[in-house]
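Here is the structure we will look at.
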Amino acid sequence: MFRLTRYMHELVAPTPVRRRPAAGTVKPVVIWNLTRRCNLRCRHCYTTSADVPFPGELSHDQAMGVLEDLASFGVPALILSGGEPLSRFDFFALAERARALDFRHLSLSTNGTRVAEHIDRIADLAFDYVGISLDGIGAVNDRFRGVTGAFDDALAGVRACKARGVKVGLRFTLTEDNARTLPDMLDLCDAEGVDKFYLSHLVYAGRGDKNRGEDAAHHRTRTAMDLLIDRAWVAVAEDQPLEIVTGNNDADAVWFLRWVERNFAPEKAAHVRAHLQAWGGNSSGLGVANIDPQGRVHPDTYWSDYTVGSVKEAPFSSLWTGADPMLATLRQRPRPLKGRCGDCAFQAVCGGNTRIRALQVSGDPWAEDPACYLSNAEIGVSDAARLTVTPFRGKSHDPAHRFL
């Protein structure tokens, strides 16, 4: 996850750069897909969920054991996801135990359609964050999510969270068909007092792989990122509360850094770059882990075809600290990247971007990520003609108007 607003703040109120921890000492954020069952049928669902029971999912006792192990291991953050996690039969029992185990950060990732009916219990659990997915306004969202009325139900969930003081964010997956609605989504955040906006780039997994042809074109991604940078700068400059983050395309950090280099003094750009390099970009297999509904452990939520092991057979803690060869290679810095990614001058910032896209397109997890939307010239690759991208020339606020 690229925390755009956080790094934007470094231009205003610089903080010391934290030393990057050694790979073996990192405890990952765990995204746990509790169930594949879901009441929606989203076109880009990476778990290919549906509103039917799926065999082999963890029993209640097995899931409780996983919670105990994650807490003992010192996992800093736990995200309960799905499918639709509220569809799992013992969701609230698991959530209550997770809260009692005092994870530093406990989040709920949901489609939002059932939040309003359960808001009292959600609020009582004091989730640190509830992320609700919307892929456009009204009928646009409903078409993507396969159910009429999904937008209204999810928006009711947002409003219920705000009414009960629960921190809530909107997640939006950018595609060719909904990119035009991004400004409206940001306006919706402002109108509803949403705390965080998360733009997710499409990852080629599950139905997202089947529909990879709907991925946003490079020029459209550049336009979207310019809009987010513009909004994030205004929010920081004018002390507005909306936090903006992006996910699943670590080239966003490079795009942001180049914006900083164009608009700020060299010492500020150097400071931001140092922070970005300390972050290190893509964290699959290092700072993020996934447990799927059947208890299989993966390097992240999209690597369903690669399994480290199963929590039915061994604790997550031992699997994550074992000798798995893919985890070992993902944790290398630099990674053994090829193509444009291998030649890129910003490997230390981006970390090689999203490896599963490279794998799905080329069959090689270390090939270049096809969703990198920067030109060869912009990433320091000599063959500048290999990828032609027209820079966005839209209206932008002057970033120097207040703090330079």
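The values are calculated or read from the model by the stated rules, or taken from the named source; none is laboratory data. Model, not experiment: these values are computed from the prediction. Cβ placement follows ideal geometry from the backbone for every residue including glycine, while neighbour counts extend to all protein chains displayed. Surface areas here come from the heavy atoms of the whole protein model, side chains and all, with no ligands, DNA or RNA. Shrake-Rupley method; radii C 1.70, N 1.55, O 1.52, S 1.80 Å.
Points worth noting:
- The number of residues in region 36-69 being surrounded by 16 or more Cβ atoms within 10 Å (Cβ to Cβ), modelled with pLDDT under 95 and of a type outside the set (A, V, I, L, M) comes to 13.
- Residues (over 17 Å from residue 67 (Cα atoms) and of a type in the set (Lys, Arg)) located in region 300-333: 331, 333
- Cβ separations smaller than 6 Å between residues 6+ apart or across chains give the following pairs from region 241-252 residues that are surrounded by 24 or more Cβ atoms within 10 Å (Cβ to Cβ) to residues that are among the charged types (D, E, K, R): 246/252.
- Residues considered: 92, 172, 151. Of these, the only one that is in contact with a Leu (Cβ under 8 Å, 6 or more places away or on another chain), farther than 29 Å from residue 230 by Cα and of a type in the set (Phe, Trp, Tyr) is 92.
- Complete set of residues in region 16-35 that are polar (S, T, N, Q) and either modelled with pLDDT under 90 or open to solvent by 60 Å² or more (accessible area, probe 1.4 Å) (or both): 25
- Hits in region 348-358 - residues which are in contact (Cβ under 8 Å) with a residue 24 or more places away in the chain and either at negative phi or open to solvent by 20 Å² or more (accessible area, probe 1.4 Å) (or both): 348, 349, 350, 354, 355, 356, 357
- Filtered residue count, region 70-91, keeping only those that are surrounded by 16 or more Cβ atoms within 10 Å (Cβ to Cβ) and in a helix (DSSP H, G or I): 7
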